[in-house]
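Please treat every number below as a calculation from the coordinates, not as lab data. Predicted, not measured: the structure shown is a model, and the values here were computed from it. Every residue, glycine among them, receives a Cβ derived from its backbone with ideal geometry; neighbour counts consider all protein chains shown.
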Amino acid sequence: MDLVKIVTERSGETIDWFIENGAVFNEEVTQGVGSIAYRAHSSSPDASGLVNKLMKTIEQKADVRYNTAATELIVENGKVVGAKAVQGDGTPLEIKANNVILSCGGFAGNKELVKKYAGEKTENMVYVGSPGTTGEMIEEAVNLGAATIDMEQLFNAPTNSIENKQLITAMVLSNGAIMINQDGKRFCNETGSPNDYFNDILNTGDEYVYEVFDKNVVEKVYKLEEVYMKQGIVEEAATIEELAEKMNVPAETLKQSIEIYNASVNGASDPFGRDIFGEPLQKGPFYFIKVATGYLSTNGGLKIDEYARVLKEDGTIIEGLYAAGDAVGGYRPYAYVCGDANILAAVTGRIAGENASK
Ligand SMILES: Cc1cc2nc3c(=O)[nH]c(=O)nc-3n(C[C@H](O)[C@H](O)[C@H](O)COP(=O)(O)OP(=O)(O)OC[C@H]3O[C@@H](n4cnc5c(N)ncnc54)[C@H](O)[C@@H]3O)c2cc1C
């Protein structure tokens, strides 16, 4: 079973389904890092356009328990028939169901589990995902004999603000920012495979590098002005010279790096093979954010079949148990392509829902 094929085949109808259920998308379909095709449907004004409206629709149709943690799967005669949970005030809860879908995300929020599967190298990495993805329900499934796949693979987050340990959206790069090391030089294809530039950043040996951009990029990426600038993690300068001074890099080197990049935007061969550009970097003011590598989720998880049923090592199913999204493995063993994670959660979530409710 090929999860990539399933997601590819059902992504279009899934976006339509989101829109029918209230999600708001930007009109423009753009390029995203890792793919030169114009296929990035981004929600408007940010992820809230996807989640908030959809949750309103769900709340009308289902009993949603917020602030409630599932702790255990209930199994009767070899079939999963519900879950035990604890509510925010400590009240225990037992919910019986014909089937159970695990949509608990990965296990990146659990440092010990990350170290267990991905090794000691993760000790000093920055984690920029949700604190709630603690993986205990994945462990529950494993205890019932579920097979796992790619558990050692982290979902790399190449560019995270060192000021507030937050992922900087890849849209900044795909809309025209460049990355500069502490010598004032570019060092990678900023819109190639995120796994590649993740390693390129690590290989600089610098504690952090800089994302550099201009007013044009700010005008295109909503989050820059509305979120990052308000958080105070964006530095501004009127000229490239002033920018270099604030970055503490040689001004002549930075100027040359930008000139060569602008020539690439205008059609010259890019020294790092970049082929997704915005405008040339020339419209002041100019800006930078200090970034370092980290991870935002895990790529590994439970093995499922084409109906999103959780599989055992021998290929048989665990009756009554389904999984979707980041709880699932075998989809992204190598590299993230912009947007591929939300669509995995959406497509597998729908498949799990369709089958579990039959
Ligand atoms: C900062 C950041 C930026 C991202 N940007 C993008 C992007 O631009 N494009 C893209 O495609 N993807 C992006 N991703 C990845 C994407 O958000 C995830 O792949 C996606 O949210 C996974 O959806 P999910 O529903 O499987 O899991 P999640 O969204 O992780 O949701 C799982 C939920 O289950 C809860 N949970 C866990 N255990 C329990 C339990 N025992 N009981 C009750 N609840 C539990 C968690 O608290 C969490 O709320 C980003 C991720 C991060 C962290």
Q: Take the cross-link list K5/K220; K255/K290; K61/K312; K165/K230 and give me the ones stretching past 24 Å between alpha-carbons.
A: K5/K220; K61/K312
Q) Along the charge dipole of the chain, which of I168, F198, N143 sits closest to the positive end, that is, farthest toward it, with unit charges on the beta carbon of Lys, Arg, Asp and Glu (+1, +1, -1, -1)? A) N143
Q | Interatomic Cα distance distribution for the chain, bins of 10 angstrom, percent | A | 5, 22, 30, 23, 13, 5, 1, 0
**Q.** q = 0.16, 0.25 Å⁻¹: log10 I(q)/I(0) that the Debye formula gives for segment 179-242, counting C-alpha atoms only
**A.** -0.65, -1.17
Q. Out of the DSSP beta bridges found with both residues in the chain, what percent are antiparallel (nearest 5)?
A. 90
**Q.** Inter-label distance, nm, simple model (7 Å from Cα along the C-beta direction), K79/N67
**A.** 3.5
**Q.** Ellipticity estimate at 222 nm from DSSP helix runs (n ≥ 4, -39,500 (n - 2.57)) divided over the chain, nearest 500
**A.** -9000 deg cm²/dmol
**Q.** Positive dipole terminus of the chain, leading residue within L154, V24, I95 (C-beta point charges)
**A.** I95
Q. Tally Lys and Arg at +1 and Asp and Glu at -1 over the other residues with C-beta under 10 Å from the C-beta of P45: what net charge comes out?
A. -1
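Over the chain, calculate the relative contact order: mean separation of alpha carbon pairs under 8 Å at least 6 apart, over the residue count, as a percent.
24
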Q | Relative contact order of segment 214-332, defined on C-alpha pairs under 8 angstrom at six or more residues apart (%) | A | 25
Q | Projected area, mean over directions - segment 55-128, Cα convex hull, nm² | A | 7.4
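On alpha-carbon atoms, Rg over Rh for segment 25-79 using Kirkwood Rh?
My calculation puts Rg/Rh at 1.23.
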Q. With the radius of gyration and the Kirkwood radius both derived from the Cα set of segment 157-294, what is their ratio Rg to Rh?
A. 0.91
Q | Sorted peptide list for 204-211, 340-347, criterion being average Cβ within 10 angstrom, highest first | A | 340-347, 204-211
Q: Enter the Cα centre distance for the pair segment 113-152 and segment 13-64, rounded to the nearest angstrom.
A: 27
